[in-house]
């Protein structure tokens, strides 16, 4: 199927998003966006099973609120890529800045390179696979979903974690409040293998360790003197 190309040097982001939100429903051809030049809010709020390829770097909130679409960014992504994603797939071929996948409810976010601070913050059910390392406070208050980190993790990983699970291949600089390293089960190896199979990353599930909640923060303990 022949793709439709939009040149952001000639067409505004508003016009492109207008097409993706409305006209695309009558013409579901793949879409290619060129000369992105770090523009914000590219391909946000998609609600159709369409392939969108963005050639170049993106600014804030690229592919945020995604539903059903398959979005590929061939450069780096700014703050909040795939933020509040509901379903579909978003792949960043480069680096992702802070808060990648924040509050994402479903779908799959793949970051080939590193991710900045707070990757997966308040995650609510999506899967995130990072080919490189993640910054400090990643998975802060992550409620559900899975994060696979093929590199290292910064300070306070999984701080105030709920039911989400993090798998880390490299070193963890420090764990956040109530996060702990746990033994990997066969189900964990299977989960990591399943997620890695959706990428081109060459790692083996046996190389990863599991980080999950110790569940000490689930209930207020008046005797703890607010020390956890």
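Okay, here's what the table says:
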read-out	value
Residues of the stretch 156-187 that turn out to be outside any strand (DSSP E or B) and under 19 Å from the mean Cα position of the chain (by Cα), as a count	10
Among residues of the stretch 188-215, those that are out of contact with any helix residue (DSSP H, G or I) (no Cβ under 7 Å at 6 or more places or on another chain) and assigned to a strand (DSSP E or B), counted	4
Odd one out for residue 113 among (1) surrounded by 17 or more Cβ atoms within 10 Å (Cβ to Cβ); (2) within 20 Å of residue 83 (Cβ to Cβ); (3) within 14 Å of the chain's Cα centre (by Cα)	(1)
Residues of the stretch 1-16 that turn out to be surrounded by 14 or more Cβ atoms within 10 Å (Cβ to Cβ) and at pLDDT 95 or above, as a count	5
Candidates 165, 129 - the one that is crowded, with 19+ Cβ neighbours inside 10 Å, touching a helix residue (DSSP H, G or I) at 6+ places or on another chain (Cβ under 9 Å) and more than 20 Å from residue 202 (Cα to Cα)	165
Positions within the stretch 60-75 being part of a loop (DSSP other than H, G, I, E, B) and either farther than 14 Å from residue 101 by Cα or touching a helix residue (DSSP H, G or I) at 6+ places or on another chain (Cβ under 8 Å) (or both), in sequence order	68, 69, 74, 75
Filter result for the condition that a residue is surrounded by fewer than 18 Cβ atoms within 10 Å (Cβ to Cβ) and over 20 Å from residue 110 (Cα atoms), over 213, 160, 185, 197	185
Selection count, the stretch 35-59, where residues are part of a strand (DSSP E or B) and surrounded by fewer than 17 Cβ atoms within 10 Å (Cβ to Cβ)	1
Unique residue being more than 22 Å from residue 112 (Cβ to Cβ) and either in the same structural domain as residue 105 (by TED's automatic domain parsing) or touching a residue at least 12 places away in the same chain (Cβ under 8 Å) (or both) when the list is 21, 57, 40	21
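Yes or no, residue by residue, for (1) in contact with a strand residue (DSSP E or B) (Cβ under 8 Å, 6 or more places away or on another chain); (2) modelled with pLDDT of 95 or more; (3) surrounded by fewer than 24 Cβ atoms within 10 Å (Cβ to Cβ):
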| site | (1), (2), (3) |
| --- | --- |
| 61 | no, yes, yes |
| 66 | yes, yes, no |
| 75 | yes, yes, yes |
| 97 | yes, yes, yes |
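The values are calculated or read from the model by the stated rules, or taken from the named source; none is laboratory data. Please read these numbers as outputs of a predicted model, since none were measured by experiment. Here Cβ is always computed from backbone atoms with ideal geometry, including for glycine, and neighbour counts include all displayed protein chains.
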